[in-house]
Amino acid sequence: MYLSFKNKRIAQILSVLPNKEVLFEDEMENYNFTIAKSLKLKAAMGYNKRRIAEDGTTSSDLCIHGLEYLFNKDLLNKEEIDALILVTQTPDYIMPPTSNIIQGHFSLKQDMVCMDINQGCAGYVIGLMQSFMLLEQEAINKVVLLNADVLSPKVSKKDRNSNPLIGDAASVTVLEKTINHTEIVFSIKMNGEGAFALQIPAGGAKLPNNDQTAISEEDAHGNFRSKDHLVMKGDEVFNFVQSEVPPLILELLSQTHHDKEDIDYYMFHQPNKFMLQKLADKIGIARDKMPSNIVEEFGNSSGVTIPLNITHNLSNILPEKKLKLCLSGFGVGLTWGATIIDLDKDTYLNTINYKK
Amino acid sequence: MEQFKERLIDIFEVEEINDTDVIKQFEAWDSLTLLSIIATIDSEFGFQISASDFDKIETIADLLQFIENNKK
C-alpha cells in the first residue's frame, strides 16, 4: 500500500544507547557450540560488540533521558509537542501506555495525543507513517516519535541464534510541518500468516508466564531457550527478507520515478551484516550505499536500528549536503515497509549514552 | 551445478563431497552452514529453500535433486 505526504519533515533525530557493552567473545562459552564454530558465526554475521540495558532500565528510562537532553539543550520546547508516539515491543507495563507515563513524567500539556504502537523491526517506518498522518491535522504542528526496545532480557543467553545480535536502544525523532513540497512516499505491507516467525511465546493472555514457560529446552540446533524467551525462525526470516524486500524497494523507486542512483543512502533496519549484504546484492545497489555496521557496533535494537544507523553514520555527512534516503524496516508481524525521504542539511542528528 | 558443489565444499570445509554424503553428518553442519546453503540457493537458483525442507533431504544427491525440481 502506498501512502503519500507533503509539507512535512524530520527536524531532529537523537539516538540513546545504554552504557553496558558486551563482546561476542565474552559470551561464547554460554553456547553449546565449539569455539571455532562460534568464531565462524561471528565472522560470517559480522558480530562484535553490542549495547544492553543494565538490570531495571526500561524503554521509558531511555526515552526520558533522550527527551531531557533535547529539553536541556533548548533543542525542543515542551509546549510545542502536540503528539507523543512510542513504538515499542517492551512497554514498561501492559497498562497504562508508556507514552502516557512519559507525558506525565515531564508534565506535558494535556491538549495532546499520546499513543503506544506495538511494532518491531519495521516500527520506525510505521511510526513515521503515523506521525505524518497526525501532522495532517491542523491542530498538530509537532510530533515526537519515540522508538525504544529493551529486548535483551527476553533473549536466552544460551541462544546462539539471537543472543549475539540483540541490542537495546531508543531514539527520539521530532517531526514538523514545513513549506517544502517534496513528496514523502511510503510503501507498507503486512502478512499476519507469518506472525509467529518471530515471537515471545509466553507473557501475553494466550500463555501467561508460569513455572512451565520458564523451563529452558534445547532446539534442533543446540540452542537453549524457554517460552518466556524471544524465538526467531532464522531461515523463515531470511527467506522472507530476501524475497519480499527487494521488490518492495524496486517498486517504490519506480512508483516515485527514482533511479537507484538517485538515492544517496539506503538506511535499512540492521538484522546482521550477512543479511544486509545479500539484500544490497539482490536489489542491485553498491554495498557502501547501504551501511551495515550497526550490529557489530551496537547490536540489533529492532526498529531503533534505522534512526541509530542515521545518527551514527550520517551525522558527519549531512551538514555538507541535503540527503535523499530510502529507509526500510522488515521483521516481526510480518511487517515490511519503506519510504523515500529527504533530510535537510540542518537536520539535528546525534547519538548519546544513557546515564542513570 | 558444479559451481554449487564447489560452494558446498567451502561451506562444509571439506576436501570433496560425494552424492552419497549425508548432509547432517558433516562436522561443520550447524545453523550457520544451513543459512549459507539457503542464501546460496537463493542467489544461484532464485528460490527459497526452508529449514523444514531439510527434514526430507538426507544426502547431497537429494539436495541436488531438490534444486533441479525447484530452480527458476
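Pairs of Cα atoms nearer than 8 Å and 6+ residues apart set the relative contact order; for chain A it is 27 percent.
Applying 1/(1 + (r/R0)^6) with R0 = 51 Å to the Cβ-Cβ distance of A:GLN137 and B:LEU64 gives a FRET efficiency near 0.30. Taking 18 Å as the straight-line reach from the Cα of A:LYS8, the aspartates and glutamates in range (excluding those fewer than 8 positions away in the same chain) are A:GLU80, A:ASP82, A:GLU136, A:GLU138, A:GLU176, A:GLU183, A:ASP342, A:ASP344, A:ASP346. By other beta-carbon atoms within 10 Å, ranking A:HIS221, A:HIS105 with the fewest at the front produces A:HIS105, A:HIS221. Of all DSSP bridge pairs formed entirely within the protein assembly as shown, close to 70 percent run antiparallel.
Take the cross-link list A:LYS42/A:LYS157; A:LYS40/B:LYS71; A:LYS227/A:LYS273; A:LYS37/A:LYS157; A:LYS260/A:LYS324 and give me the ones stretching past 20 Å between alpha-carbons. The pairs that break the limit, which is 20 Å between Cα atoms, are A:LYS40/B:LYS71; A:LYS227/A:LYS273. How far apart, in nanometres, would the label points at A:ASP346 and A:MET112 be if each is projected 7 angstrom from Cα along the Cα-to-Cβ direction? Inter-label distance under the simple model: 2.3 nm.
For the protein assembly as shown, adding -39500 (n - 2.57) for each run of n ≥ 4 DSSP H residues and dividing by the number of residues yields -9500 deg cm²/dmol at 222 nm.
As an equivalent ellipsoid, chain A spans semi-axes of 31, 25, 19 angstrom, where each value is the square root of five times an eigenvalue of the C-alpha gyration tensor, largest first.
Placing R0 at 22 angstrom, the Cβ-Cβ distance between A:GLU25 and A:ASN293 gives a FRET efficiency of 0.75 after rounding to 0.05. For the residues A:GLU21, A:GLU29, A:GLU183, a GNM of chain A with alpha-carbon springs under 10 Å puts the largest fluctuation on A:GLU29. Note: segment B:2-70, Cα convex hull, 80 Å³ per residue. If the reach is capped at under 16 angstrom between alpha carbons, list the lysines near A:LYS278, excluding any in the same chain fewer than eight residues apart. A:LYS278 reaches A:LYS289.
Just so you know, all these numbers are worked out from the coordinates, no wet-lab data involved. Keep in mind the model is a prediction, meaning the values are calculated, not measured. So basically every Cβ, Gly included, is an ideal-geometry build from the backbone, and we count neighbours across all protein chains shown.
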